[in-house]
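Below: the structure, in structure tokens.
The values are calculated or read from the model by the stated rules, or taken from the named source; none is laboratory data. Note that the structure is predicted; figures quoted are calculated from it, not measured. Cβ: placed from backbone, ideal geometry, glycine included. Neighbour counts: every protein chain shown.
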Amino acid sequence: MSRRPHGPRPALVVATLLTAALALAGCSAGTVTQTDTIVSQAAGTQGSVGPMVLQDVSIDSGPAETVPSGVEVPLRGTIINEGAEPDRLVAVSSPYAVGSRIEGGTVVPGENALRIVGADPAPLSPPNIDLRLPGSARVVLTGVTQQLRAGPTYAVTFTFERAGSVTLPVIVVGSGPSEG
């Protein structure tokens, strides 16, 4: 008759040591990892200045993946005024464009919003203060100075009458090839 060893089984010891090694390796990243500052920009970028919050801001390239040099290109996003007082969008600029044009409403009442509609042919309207409905505007960068493509970010500065200016790293978002 053979005797069974009374100590721990070798396979169990190896499995325990491997589990401990994996757990300790996961802790070696420290409190600040390389991925803790990565922000998804699938829909656009975010930013704020004072009570003015900009959400999902992007360059709307329409059905194309890139924006050629020399053309006009609309922006898309939302401006939210979290303050009690109205503010007005007075300018939009970028080192990647000669100028800009703002069409539609530019005043964002307190506790209201303004949608930047991009290339959508939707009618433009001011915000409705009584019903708390957001307004809509079209912001177009004119005279693009170089080809803009999906991937990199492009600086776009929004200037408000009261809140001041904020520069955002904006991405190009296209709707992909048109179907049909």
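Condition check ((1) hydrophobic (A, V, I, L, M, F, W, C); (2) without any contact (Cβ under 8 Å) to a residue 12 or more places away in the chain; (3) more than 15 Å from Val49 (Cα to Cα)) across all residues:
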| residue | (1), (2), (3) |
| --- | --- |
| Glu72 | no, no, yes |
| Asn81 | no, no, no |
| Glu85 | no, no, no |
| Leu89 | yes, no, no |
| Val92 | yes, no, no |
| Tyr96 | no, no, yes |
| Ile102 | yes, no, yes |
| Ala119 | yes, no, yes |
Do the conditions hold for Pro134, that is, is it crowded, with 17+ Cβ neighbours inside 10 Å, in contact (Cβ under 8 Å) with a residue 24 or more places away in the chain and within 17 Å of Val172 (Cβ to Cβ)? no
Out of the residues in the stretch 120-131 that are within 21 Å of Ser58 (Cβ to Cβ) and either touching a strand residue (DSSP E or B) at 6+ places or on another chain (Cβ under 9 Å) or of a type in the set (S, T, N, Q) (or both), which is surrounded by the fewest Cβ atoms within 10 Å (Cβ to Cβ)? Ala122
Scan of the stretch 45-65 for residues that are at pLDDT 95 or above, of a type in the set (A, V, I, L, M, F, W, C) and either in a loop (DSSP other than H, G, I, E, B) or under 12 Å from the mean Cα position of the chain (by Cα) (or both), ordered by number: Val53, Leu54, Val57, Ile59
Quick one: count up the residues across the stretch 93-107 that are in contact with a Pro (Cβ under 7 Å, 6 or more places away or on another chain) and outside any strand (DSSP E or B). 1
Select from the stretch 147-164 the residues that are closer than 19 Å to Arg101 by Cβ and surrounded by 13 or more Cβ atoms within 10 Å (Cβ to Cβ) and write down the one among them that is farthest from the chain's Cα centre (by Cα). Glu161
